[in-house]
Amino acid sequence: MTSGNSTSDGQQNLGKTILNDFRRTDIQSSLQRDFSELKEFMLTEERQLRLKNMKQVKRWLFMAWWFLEGLFLKLTPARRILLLAAVFFLASNLTIESDRSGAHFEGFHVLGALILLFVLMLELKDKLLAHEELEAGHAVQNALMPERSPQVSGWSLWLYTRSANEVGGDLVDFIQMSADRVGITLGDVAGKGLRAALLTAKLQSTIRALAPDIYPLADLASKLNFIFCRDSLPNLFASVVYAELKPDSGSVRMVNSGHLPPLLLRGSVIEKTAKGGIALGLSPQATFVEQQLELGVGDILLIYSDGLTEARNLEGTFFGEQRVLDLLPQLNAYDAQQIGDRLLAEVDRFIGEARAWDDISIAILKRA
């Protein structure tokens, strides 16, 4: 009885799932997005440029061949052999006799379909296992994230990061070192995915360990750079802005290591802060300079990653720095969280259904 009920429940759930799939209204946009991502993943930039110069029929033929070639080369050797066998059987028109009962096996194409289904199931299994591991990594990253609106007297703060994938390479952190010393970090490790995420976690822990004991921020950046050069993988680097502020004071000390210059809004006038040194991990001899800022009541310091300005819509157009510069003065009457929400709403409206290509991280410091 229990077995029968379980089978019936399973059939009902499968039926509801399929029915809900047909009721969805975003199937076309979802397929378009999937196809666009497939081209980005399977085709090199050189091949994508070649396709643009081809006529339609030729373009589709070449695209189909390059997709099949890419799929074939990304399989393991054993699965490539199975795929070749499946293609051979599916293309065969042979009919063979089976057992003594006179039953006939109508062609190799059924066997080919079963082999192809088996290869598909193996690939899906790998994807689901990888997805579970990435979800676990995402949960760890979320646990390491600071409170979005930490409370510091005399300040309105808002810290935010959103990964383009399951795990990200951006770092946003808040460190309460003492009653009169607060640190805020926003960084971007080169690359994406799990490798960048692991280095981000290492960078966060290193800053948390060093910052309380090193007061000159130029020295802090130099020490971070030395450790990053020593322990990081070749050709990997990180851009970081680290800022320290005091409760009930507009004084901000900041060091910039190869990151986009933060924007300072005074009334309706935007100032770009100094560019700073090179990114961490590029040269062990790099030097850094501490910057001193003084914010009056209502002044806003915006620190952000390039994922904000380089967010793209379906046409490939960037959100751009100019949109940020135009929008920010309109938001000076709001608190930090409201400013952040408005910025994100504008970015999301701009990109529409397009896939996120980079992590977006924002730190807003408003003198209250």
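The values are calculated or read from the model by the stated rules, or taken from the named source; none is laboratory data. Quick caveat: nothing in here was measured; it's all calculated off a predicted structure. Neighbour counts are summed over all protein chains in view; Cβ atoms, including those assigned to glycine, are modelled from backbone coordinates with ideal geometry. Just so you know, the surface numbers come from the protein's heavy atoms only, side chains and all, with ligands and any DNA or RNA stripped out. Shrake-Rupley method; radii C 1.70, N 1.55, O 1.52, S 1.80 Å.
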- Item | Listed values (i) 27.0, 94; (ii) 20.4, 71; (iii) 22.0, 68, entry calculated as Rg and Dmax of the Cα atoms in Å | (i)
- Task: Give the accessible surface of region 262-311 per residue, rounded to a whole number of Å², with probe radius 1.4 Å and ligands, DNA and RNA excluded.
- Result: 45 Å²
- Query: In degrees between 0 and 90, to the nearest 10, how far off the longest principal axis of the chain does helix 193-210 point, with axes built from Cα atoms?
  - Reply: 20 degrees
- Query: lysines within cross-link reach of LYS55: Cα-Cα under 30 Å, excluding same-chain residues under 8 positions apart?
  - Reply: LYS39, LYS74
- Message: Taking the 0 to 90 degree range and rounding to the nearest ten, how far is the long axis of helix 77-91 tilted relative to the main principal axis of the chain, both from C-alpha atoms?
- Response: 40 degrees
- Query: What is the distance, in nm, between label points placed 7 Å from the Cα along the Cα-to-Cβ direction at GLU315 and at PHE41?
  - Reply: 2.8 nm
- Query: When ranked by the protection proxy of mean other Cβ atoms within 10 Å per residue, highest first, what sequence do the peptides 172-180, 42-50, 271-279 form?
  - Reply: 271-279, 172-180, 42-50
- Query: How many angstrom lie between the C-alpha centres of region 21-62 and region 155-188?
  - Reply: 37 Å
- Query: In debye to the nearest 20, how big a dipole does the chain give about its Cα centre with +1 on each Lys and Arg Cβ and -1 on each Asp and Glu Cβ?
  - Reply: 740 debye
- Message: For GLU290, what residues show an amide H to amide H distance below 5 Å, using hydrogens built from the backbone and excluding near sequence neighbours?
- Response: ALA218
- 5 Å binning of all Cα-Cα separations within region 211-368, expressed as whole percents from 0 upward: 2, 9, 17, 18, 18, 15, 12, 8, 2, 0
- Other-chain or far-sequence residues with amide H under 5 Å of TRP155's (modelled H): ASP248, ALA368
- Task: Using only the C-alpha atoms of region 120-213, find the volume of their convex hull and express it per residue in Å³.
- Result: 95 Å³
- Query: Given LYS223/LYS366; LYS58/LYS125; LYS192/LYS275; LYS16/LYS125, which pairs have Cα atoms separated by over 27 Å?
  - Reply: LYS223/LYS366; LYS58/LYS125
- Quick one: check the C-alpha center-to-center distance for region 230-249 versus region 260-335, whole angstrom. 15 Å
- Item | Charge dipole of region 215-327 about the Cα centre (unit charges at C-beta), most positive-ward option of SER268, SER283, GLY250 | SER283
- Item | Within region 161-188, backbone nitrogen closer than 16 Å to the virtual label 7 Å beyond the Cα of SER251 toward Cβ | 178-183
- Item | Degrees, to the nearest 10: 109-144 long Cα axis against longest axis of the chain | 20 degrees
- Message: Sorting check: for 321-331, 157-167, which peptide has the highest mean count of neighbouring beta carbons within 10 Å, and how do the rest follow?
- Response: 157-167, 321-331
- Estimated distance in nm for a label pair at GLU294 and GLU69, the labels positioned 7 Å out from Cα along Cα-to-Cβ: 6.4 nm
- Message: Per residue of region 227-242, what does 6.51 cos²θ - 1.76 cosθ + 1.60 with θ = phi - 60° give for ³J(HN,Hα)? Whole Hz please, x for Gly and Pro, Karplus curve as stated.
- Response: 5, 5, 5, 6, 9, 7, 7, x, 6, 10, 8, 9, 9, 9, 10, 10
- Using the alpha carbon gyration tensor of region 284-368, what are the three equivalent-ellipsoid semi-axes (square root of 5 times each eigenvalue), largest first, in whole Å? 25, 20, 10
- Test item: Cα-centred dipole of region 160-268, Lys/Arg +1 and Asp/Glu -1 on Cβ, debye: 140 debye
- Message: Can you compute the label reach from ALA218? Point 7 Å from Cα along the Cβ direction, backbone N cut-off under 17 Å, restricted to region 269-313.
- Response: 274-279, 285-293
- Query: Roughly speaking, to the nearest percent, how much of the chain's 1.4 Å accessible area is carbon and sulfur?
  - Reply: 58 percent
- Item | Calculated log₁₀ intensity ratio I(q)/I(0) where the Debye formula runs over C-alpha points of region 206-296, q = 0.10, 0.12, 0.18 Å⁻¹ | -0.28, -0.39, -0.80
- Helix-only mean residue ellipticity at 222 nm for the chain, each DSSP H run of n ≥ 4 adding -39500 (n - 2.57), per residue, nearest 500: -16000 deg cm²/dmol
- Stretched fully, the stretch from MET145 through GLN330 gains (0.36 nm per residue minus C-alpha distance, one decimal, in nm) 63.7 nm
